[in-house]
Amino acid sequence: MESVAAAAVPVWLPSDGCELSETEKESRVLASFSTLLMNRSQSVRLLVLTCLLALASGPARAASDHPVILIVGDSISAGFGVPVQQGYATLLEQQLQEHMAGIQVVNASVSGDTTQGGVARLPQLLEQHHPDLLLIELGGNDGLRGTPLKLIRQNIERMIRMAEERGTMVMLLGMQIPPNYGQRYTKGFADIYPQLAEQYDTLLVPFLLEGVATDPELMQGDGIHPTAEAQPILQQLVMDELQLWLELHQGE
């Protein structure tokens, strides 16, 4: 087991000796914590997560007095073909508010979006909403278009880094594509999410449509988008993975 001393976080100082502002100091500490989070055991990880949550409530993240969860996804999270109030994002916010009053779920998902679109949109979304947790549900459209796996992975990785550099925790909502794309591509695509989750110690739902995609009664006629009846299943899959994050916030 690693000692707590091994978890010491360096705070980088400017080489020219100039004094940093409080916001700059905090940003550098958050970046250091994020780097540490990628390379430590589970016990130290919990300690770092707690520290990140404490820092996230400081001046640089003071845009909201309540926790904010930001969802950046495609039509699955946008709720294509489903009334907004029945989508899993709305149901998730309602359930979370039973545990933590004032928590907000911002659904910035766009039908048809890709990982490249997410990379382009994310900086402004992070600046606008100052989320405590980012849910990334992208890649499905890339996969259906046969986008090179290396590019899909690089884009998702860039989004993770953008968030963690700001002290925002990340949850990956994994996707899968039909087997007719070939075993090598299909498996390689599905593996992107758990591999990145392990590399960056993010939260992970391996497959957001688990128990839904193979049930015709829970899928719309296009065979791609879940029905309104499937939304509570998606909500619960996300909620189950949110428990650690929720417990840490409730312990503040």
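The values are calculated or read from the model by the stated rules, or taken from the named source; none is laboratory data. Keep in mind the model is a prediction, meaning the values are calculated, not measured. Note: ideal-geometry Cβ built from the backbone for every residue, glycine included; neighbour counts use all protein chains shown. We work out accessible area using only protein heavy atoms, side chains counted, and drop any ligands, DNA or RNA first. Shrake-Rupley method; radii C 1.70, N 1.55, O 1.52, S 1.80 Å.
3J(HN,Hα) couplings calculated from phi for the range 65-73 with the Karplus curve 6.51 cos²θ - 1.76 cosθ + 1.60 (θ = phi - 60°) are, in sequence order, 7, 10, x, 10, 10, 10, 9, 10, x Hz; Gly and Pro show x.
Would you mind telling me the share, in percent, of accessible area of the range 123-252 contributed by carbon and sulfur at probe 1.4 angstrom? Intermediate results must be reported in sequence, preceding the final value.
Numbers: 2970 of 5900 Å².
The C+S portion of the solvent-accessible surface of the range 123-252 is 50 percent.
Here is the size of the range 123-252 from its Cα atoms: Rg then Dmax, 15.5, 48 Å. Take 70-79, 203-212, 239-248, 126-135 and order them by the average number of nearby Cβ atoms within 10 Å per residue, most first; the result is 70-79, 126-135, 203-212, 239-248. Here the calculated FRET efficiency for Glu127 and Gln154, from their Cβ-Cβ distance with R0 = 25 Å, stands at 0.65, rounded to the nearest 0.05.
The phi torsions of the range 200-209, fed into the Karplus equation with coefficients 6.51, -1.76 and 1.60 and a -60° offset, translate into couplings of 10, 6, 8, 6, 8, 10, x, 8, 5, 9 Hz, rounded to whole numbers, with Gly and Pro shown as x. Model label sites at Glu210 and Leu248, defined 7 Å from Cα along the beta-carbon direction, differ in position by 2.0 nm.
Largest first, the extents of the alpha carbon coordinates of the range 87-196 on the three principal axes equal 46, 27, 24 Å.
For Val105, nonlocal amide neighbours, meaning residues 5 or more places apart or on other chains whose placed amide H falls under 5 Å from its own, are Ile69.
Once fully extended, how much extra length lies between Asp65 and Arg145, figured as 0.36 nm per residue of separation less the alpha-carbon to alpha-carbon distance?
Values: separation 80, 0.36 × 80 = 28.80 nm, distance 4.09 nm.
Once the chain is fully extended between Asp65 and Arg145, it gains 24.7 nm.
In a fully extended conformation the segment linking Glu198 and Ala120 would gain 25.7 nm over its present Cα-Cα distance, using 0.36 nm per residue.
Rolling a 1.4 Å probe over the protein heavy atoms gives the range 141-188 an accessible area of 51 Å² per residue.
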